[in-house]
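Take a look at the structure set out below.
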Amino acid sequence: MKLYFSPGSCSLAPHIVAREASLPFELVRVDLATHKTADGEDFYKINPRGYTPALEVDGEVHTESAALVQYLAEMAPEAHLMPPRGTAERQRMKEWLSFISLEVHKAISPWLFQSTTAESTRQAIHEKLAIRFAELDALLEKQPFLTGSSFTVADAYAFTIVNWTNFVNIDLAPYPYLRAYMKRIAERPKVQEALHAEGLSAEGGKA
Ligand SMILES: N[C@@H](CCC(=O)N[C@@H](CS)C(=O)NCC(=O)O)C(=O)O
């Protein structure tokens, strides 16, 4: 199994899950500026959309962060990275995956990473993110993880995306519970392994 990744990008979510699940996998780095893999392959030939993460399993290539984290967790049910099927917690996990994807991931990326994004657009995104982060902060005041008392794939995804605040200069100080959550997730041994393997600092920022 091969995981195509770019350091600190959304591919960190399936990377964390693969490690939390103790699955064997090979990491293949992709340069998102040139869309070439570390060994010079044209990444568009692997994923025609050109973006990471992509996961190659038995010759099939799969994409989409929220779907990949669930696929990986299903490969290792003994790791309990998803609540049992048919429970309210399982449904919450799916809701959070969708929320992180549509309300946070795609609010930030690519807009806040592009120098050409208009200042008014940046301002609107910052205002929306403040509302989203305040909601997460209020939830995490009551419970340690998004779906309750256990770490799930939704936390791997949320950590990955909220970690971008390190790269786009958003201060998490107004959200103390979200900040404490980020620290708690970063300290997990498998998350540390993933951050290290991607060349990031122990806190998730640039090393
Ligand atoms: N819908 C995809 C989006 C993936 C995505 O936005 N990947 C970014 C990195 S976080 C990327 O590779 N951007 C470069 C590009 O689109 O060329 C997912 O949820 O996985």
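The values are calculated or read from the model by the stated rules, or taken from the named source; none is laboratory data. Remember, predicted model here, so these are calculated numbers, not experimental data. Reconstructed Cβ throughout: ideal geometry from the backbone, glycine too, with neighbour counts over all protein chains shown. Accessible surface is based on the protein model in full, side chains and every heavy atom, while ligands, DNA and RNA are left aside. Shrake-Rupley method; radii C 1.70, N 1.55, O 1.52, S 1.80 Å.
Computed over protein heavy atoms with a 1.4 Å probe, the accessible surface of the range 86-125 works out to 59 Å² per residue. Expressed in units of 2.2 N^0.38 Å, where N is the residue count, the Cα radius of gyration of the chain is 0.99. Measuring with a 1.4 angstrom probe and ignoring ligands and nucleic acids, Glu89 comes out at about 90 Å² accessible. Just the protein heavy atoms count here, and of the accessible area of the chain at 1.4 Å, carbon and sulfur take up 51 percent. The GNM of the chain, with springs linking C-alpha atoms under 10 angstrom apart, assigns the highest mean-square fluctuation among Leu140, Leu23, Leu178 to Leu23. A simple charge model with +1 on the Cβ of Lys and Arg, -1 on the Cβ of Asp and Glu and nothing else charged puts the dipole of the range 88-188 at about 220 debye relative to its Cα centre. Of the residues Pro189, Ala13, Ala158, the one whose Cα sits farthest toward the positive end of the charge dipole of the chain, with +1 on the Cβ of Lys and Arg and -1 on the Cβ of Asp and Glu, is Ala158. With the helix formula -39500 (n - 2.57) applied to DSSP H stretches of n ≥ 4, the chain reaches a computed 222 nm mean residue ellipticity of -13500 deg cm²/dmol.
By a 1.4 Å probe calculation restricted to protein chains, Glu26 has an accessible surface near 100 Å², given to the nearest 10. For the listed peptides 27-35, 147-155, a ranking on the average number of other beta carbons within 10 Å per residue, highest first, reads 147-155, 27-35.
Mean Kyte-Doolittle of at least -0.5 plus a Cα span of 30 Å or more along the axis: flag which DSSP H helices in the chain meet both, please.
Values: long enough: 119-142 (35 Å, -0.35).
Span-like helices in the chain: 119-142.
Within the full protein context, the accessible area of Arg49 is estimated at about 140 Å² for a probe radius of 1.4 Å.
Taking Thr63, Thr87, Thr37 as the candidate residues, the one with maximal mean-square fluctuation in a Gaussian network model of the chain, Cα springs under 10 Å, is Thr87. Straight-line cross-link reach from Lys183 at under 27 Å between alpha-carbon atoms covers these lysines, not counting any fewer than eight positions away in the same chain: Lys94, Lys106, Lys128, Lys142, Lys206.
What is the range 88-188 by shape, rounded, prolate or oblate, if you read a ≥ b ≥ c off the alpha carbon gyration tensor as root eigenvalues and call it rounded for a/c under 1.5, prolate for a/b larger than b/c, and oblate otherwise? Here the range 88-188 falls in the prolate category. Relative to the Cα centre, the charge distribution of the chain, modelled as +1 at Lys and Arg Cβ and -1 at Asp and Glu Cβ, gives a dipole magnitude of about 340 debye.
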